[in-house]
Amino acid sequence: MERIGVLGGTFDPVHKEHIAMAEGVKSELALDKLIVVPTFVPPHKTHSECAPAADRLAMLKTAFDGLGAEICEYEIEQGGTSYTYKTLEHIRGKYPQSKLYFIVGGDMLVDFKTWRYPERILAAADLAVFRREGYFADVAAERAYFARRFDKEFTELSYCGKHVSSTKIRIYSMFGLDISPFVSESVAAYIENHRLYPPTAAVELVKSVLAAKRFRHTADVAACALDKAKALGVDRDKAFDACVLHDIAKYVDPKTFPEAVEKDVPAPVVHAFLGAYMLEKVFGVKDGEILDAVRYHTTGRADMRPLEKLVFVADMVEEGRTFQGVEELRRLYDTDFDACFKECIRITYEHLVQEGKTPHKYTAEAYEYYVKEK
């Protein structure tokens, strides 16, 4: 009996981990064929949204060339909301005598019970579940649930997928940073030749005023924040702009705008207040949420809005940070954002106190508001 694996995703862009996972799973399941199904995504004009379907298809075809994979355009051709049960029933209709496996990560396994018509999915294909780096599903509990609700089992794979952020790849490309560690040469060439992720005006602006190290930090903050924005209900475009612009005044002499910053503000946080002032008065930014996210990204404050919290935390936990305890903060960022935010406030305040420095009044207020027991 022919054995077929089905792998879905946005693939924006397809990266090396997609290929490594496909090869590993294909070998482990002894698949005769792998069908890759890119998801339909409505066209958008904003920078934080998905690349056009034609480009994602082209990248998939070049990335999987020679690997014996079939690129299925069913969901793109159907348009609208993609439902897995419809896709798998379509593929089942084409291969009625084959053994089908639908390949999912452990994070998707946990959410599977909430999908549209999970029984129809399992009637069309068996689930094959691979682990993801940094994410540990309770496989035993899920297996028991499957047996109880669906009277079915799933195949647990030994392959463990590395964490690679497509968001980060898109942002690095937009910033003109090296993406070769993440994508194949052919995909990198396609992205460059088609200017698939062009820089926004904000990116061009900060590139002209930031040093290379700070520019990369800015890209990492943006990538970190965008991967969390949707889960927090934060507008992705606002999150992107706030992160890109948060350090715009890092190298500006405060004397250039003496009215922008209050007296006696500690030097390390001056650029935040100065940046918000410049964005509003010089560059015409009117969005109060973005301005406040920039203004308070170093100090915090009491009663912060979600965007402010996100930028504050992303600035501390982005992958370039190396201070003691940052790995635990990143773990919290992935699992419990509120706990991570409070810990970031605590660390900021207590570090200053331990060094004999007086925390800015907004930092002290944030500590009182969020951390100190009342």
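The values are calculated or read from the model by the stated rules, or taken from the named source; none is laboratory data. The structure presented is a predicted model; accordingly, all values stated were derived computationally and were not measured. Please note: Cβ atoms are built from the backbone with ideal geometry, for glycine as well, and neighbour counts cover all protein chains shown. Side chains are part of the model used for accessible areas, which takes the heavy atoms of the whole protein and leaves out ligands, DNA and RNA. Shrake-Rupley method; radii C 1.70, N 1.55, O 1.52, S 1.80 Å.
A few points about this structure:
- Global form of the chain, assessed from the alpha-carbon gyration tensor, a/c cut-off 1.5: prolate
- Straight-line cross-link partners of Lys361 among the aspartates and glutamates, defined as a Cα under 12 Å from its Cα and at least 8 positions apart when in the same chain: Glu262, Asp264.
- Mean-square fluctuations from a GNM of the chain, with a 10 angstrom spring cutoff on Cα atoms, peak among Gly161, Gly105, Gly68 at Gly68.
- R0 of 45 Å, Cβ-Cβ distance Ser27-Asp303: FRET efficiency to nearest 0.05: 0.25
- Low-density loop cleavage sites - chymotrypsin sites (Phe, Trp or Tyr not before Pro) in region 210-273, where at most 14 other Cβ are within 10 Å (DSSP): Tyr251
- Accessible area (Å², per residue) of region 5-141, counting only protein heavy atoms and a probe of 1.4 Å: 46
- Among the trypsin sites (Lys or Arg not before Pro) found in region 11-119, those both in a DSSP coil and sparsely packed, with 15 or fewer other Cβ atoms within 10 Å of their Cβ, are Lys45, Arg116.
- Structure note, pairs Lys113/Lys152; Lys263/Lys372; Lys33/Lys99; Lys228/Lys342; Lys255/Lys357: Cα-Cα distances above 21 angstrom occur for Lys263/Lys372; Lys255/Lys357.
- Selection of trypsin sites (Lys or Arg not before Pro), region 140-232, meeting DSSP coil and at most 15 other Cβ within 10 Å: Lys152, Lys162, Arg195
- Region 1-126: C-alpha gyration tensor shape, a/c 1.5 cut-off, then a/b vs b/c: oblate
- Each label point was placed 7 Å from the Cα along the Cα-to-Cβ direction; for Glu192 and Gln324 their separation is 4.3 nm.
- For the chain, the share of accessible area belonging to carbon and sulfur comes to 50 percent (1.4 Å probe, ligands and nucleic acids excluded).
- Residues of region 196-329: accessible area per residue with a 1.4 Å probe, Å²: 45
- Cα centroid of region 1-39 to Cα centroid of region 300-332, whole Å: 34
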